[in-house]
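Working notes, beginning with the structure itself.
The values are calculated or read from the model by the stated rules, or taken from the named source; none is laboratory data. All values reported here derive from a predicted model rather than from experimental measurement. No Cβ is skipped: glycine too gets one built from the backbone with ideal geometry, and neighbour counts run over all protein chains shown. Quick note on the areas: whole protein, heavy atoms, side chains included, nothing else; ligands and nucleic acids left out. Shrake-Rupley method; radii C 1.70, N 1.55, O 1.52, S 1.80 Å.
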Amino acid sequence: MAGRPVVTGADKPPLSPRPVPVETTESPRLTRLAREMAAARSWNARSAVLGAFWNEVRTTGTPMTEPIEGDPGHRAVTFLWRGDTETRQVLLLVNRLLDRCDLAASLMRRLPGTDVWHLTYRLRADHRGSYRIAPDTTGFARSELERLADTAVRDPHNTRTVPTRWHGRPSSAFELPEAPARPWETRRDGVARGTVRQHRVASAALGSEREVWTYEPPVPGGGTDTLVLLDGDMWFGQIGIENTLDNLIADGAIPPLTVLAPHAVDNPTRRTEFGGNPAYIDFLAAELLPWAAERLPVALDPARTVVAGQSLGGLTALYAGYSAPYRFGKVLAQSSSLWWRPTDEHAGTTTWMTRRFTEGAPRELRLHLDVGLHEWGMLEQTRELRAALRARGYDVSGSDFNGGHDYVCWSVGLAEGLVSLLGSQEHA
């Protein structure tokens, strides 16, 4: 296994413009603020109007969400920044609403005569996402907006945050009123807790040791279902997915579940090992699962074993199910990087992973494939893969959620995917 070749593809998809710009609109509240400022005849009066506005923002939080007359399915969502005399421009970076080929379109506008910087999007009422804001006090040129984006911080008027990869600066999170519920996310009093531990697992396939988080369910007994969850450093190291697992098990939404969650190490390692790398599949299937079987209450029945991942991890989960169905009978892939292909593989109209499934012998697999409506490229590729799998007789579930390439969406979808693949109806 140690001698298996490392297969690598492109590090990231080619940069391309967002196919449809996100629609902006006017905020009724800011329209009213502009009228109030125009009516205020003295400095003290204008200061009082602005002070009242910012007090309101502190109370209600951001972004501001307002109905749109005659359009009940959408909301006017206004992101705000309170500038000062040094503020030159402010860049808003909303996950997947941003177009990296046209950053200037995401610059906030200043309400004349105020310290209010704002940008209002018309978004469907079930949108969920994350964002950061980059204020500029030094004067970046339009050609330098990518550098400005690297300085972005969370929104100080929004208390809800979400961690980012490799312990970067956190983002702010938001959701609109009709976003899918997230009933299992928050830690509950009185719910039995699973046990989370960290281990070092030696891997001949990878030629190194790998840190692995394990979760053992609070319900005693052996032979539990098993989840291999990629990017364990994010899920257990930062997000705290154990709270969701505790609640799912307590509610009977899934059976007792043992989780194995390897650390991705760092971005270069992740890019090398994820994707279509057979050595990493050897690690998961031939080393990690047998290691767990000697120490933890896991069942090695592939029909009770899920492999799950997001982004390039989603593609890796798909490849694991394709390559090792004798270990993984269920695949939960979210926002899969289906653009990836080995460097010696020519691009085609059908993605590399879709071709593998359609050209190879059928596998005994159930799959759950999620993707965001704002993940242009990935959205169409995931729909194509779902259709191709169903045409070959695979049992495929999943949704096109209203969001982007985003842990605030994946956290909800991971729970829903586990219920879909492992839910109590299978264990009645």
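Other residues within the sphere of radius under 10 Å centred on the Cβ of S323, judged by their own Cβ, net out at +2 (K and R +1, D and E -1). Every Cα-Cα pair of the chain was included, and the share exceeding 37 Å stands at 30 percent. The alpha-carbon positions of segment 1-129 define a convex hull whose volume is 183 Å³ per residue. Using the Karplus relation 6.51 cos²θ - 1.76 cosθ + 1.60 with θ = phi - 60°, the per-residue 3J(HN,Hα) values for segment 71-86 come to 9, x, x, 10, 10, 8, 10, 10, 8, 10, 9, 8, x, 9, 5, 8 Hz, with x marking Gly and Pro.
Using C-alpha pairs under 8 Å with a sequence gap of at least 6, the mean separation divided by the residue count of the chain gives a relative contact order of 15 percent.
Ranked from the most accessible area to the least, with a 1.4 Å probe and all protein chains present, what is the order of C409, C101?
Final ranking, largest accessible area leading: C101, C409.
Let a ≥ b ≥ c be the square roots of the eigenvalues of the Cα gyration tensor of segment 63-200; is it rounded (a/c under 1.5), or, if not, prolate (a/b larger than b/c) or oblate? Note, shape of segment 63-200 comes out oblate.
For segment 364-426, the percent of C-alpha pairs falling in each 5 Å distance bin, counted from 0 to the bin holding the largest distance, reads 4, 18, 26, 23, 19, 8, 2.
Relative to the Cα centre, the charge distribution of segment 82-173, modelled as +1 at Lys and Arg Cβ and -1 at Asp and Glu Cβ, gives a dipole magnitude of about 360 debye. Taken about its Cα centre, the chain carries a charge dipole of roughly 620 debye when the Cβ of each Lys and Arg holds +1 and the Cβ of each Asp and Glu holds -1. Beyond 24 Å, what share of the Cα-Cα pairs of segment 246-400 is found? Please give it as a whole percent. Everything past 24 Å amounts to 33 percent. Taking the charge dipole of the chain about its Cα centre, with +1 at Lys and Arg Cβ atoms and -1 at Asp and Glu Cβ atoms, the residue from L50, Y280, A105 reaching farthest to the positive side is L50.
Keeping all protein chains in place and using 1.4 angstrom, which order do R270, R200, R363, R124 fall into by accessible surface area, from largest down?
Working: R270 30, R200 135, R363 60, R124 105 Å².
Greatest to least solvent exposure: R200, R124, R363, R270.
For segment 108-113, backbone phi angles converted through the Karplus equation (6.51, -1.76, 1.60; θ = phi - 60°) give residue-by-residue couplings of 6, 9, 9, 6, x, x Hz, Gly and Pro being listed as x.
Here segment 241-381 is assigned +1 on the Cβ of each Lys and Arg and -1 on the Cβ of each Asp and Glu. Its dipole about the Cα centre then comes out at about 240 debye. Membrane-span-like helices in the chain (whole DSSP H runs, Cα extent of at least 15 Å along the helix axis, mean Kyte-Doolittle hydropathy of at least -1.0): 28-39, 43-60, 312-323, 378-391, 407-422. Once you order the gyration tensor axes a ≥ b ≥ c over the Cα atoms, which shape class does segment 190-334 get: rounded for a/c under 1.5, otherwise prolate or oblate by comparing a/b with b/c? Verdict is prolate for segment 190-334. Between the listed residues P256, I239, V228, the Cα displaced farthest toward the positive end of the dipole of segment 197-277, a dipole computed from Cβ unit charges relative to the Cα centre, is found at V228. Considering only A179, G190, A292, the residue lying farthest towards the positive end of the dipole of the chain is A179, judged by Cα position with unit charges set on Cβ.
Based on C-alpha pairs under 8 angstrom that are at least 6 apart in sequence, segment 73-225 has a relative contact order of 19 percent. Classify segment 19-65 as rounded, prolate or oblate from the Cα gyration tensor: take a ≥ b ≥ c as the square roots of its eigenvalues, call it rounded if a/c is under 1.5, otherwise prolate when a/b beats b/c and oblate if not. Cα axes put segment 19-65 in the oblate bin. The amide H of V298, built 1.01 Å from its N in the peptide plane, has G223, T224 as neighbours under 5 Å, considering only residues 5 or more places off or on other chains. Over the residues of the chain, the helix contribution to mean residue ellipticity at 222 nm works out to -7500 deg cm²/dmol, using -39500 (n - 2.57) for each DSSP H run of at least 4.
Taking all protein chains together, D282, D395 sort by accessible area into D395, D282, largest first [probe 1.4 Å].
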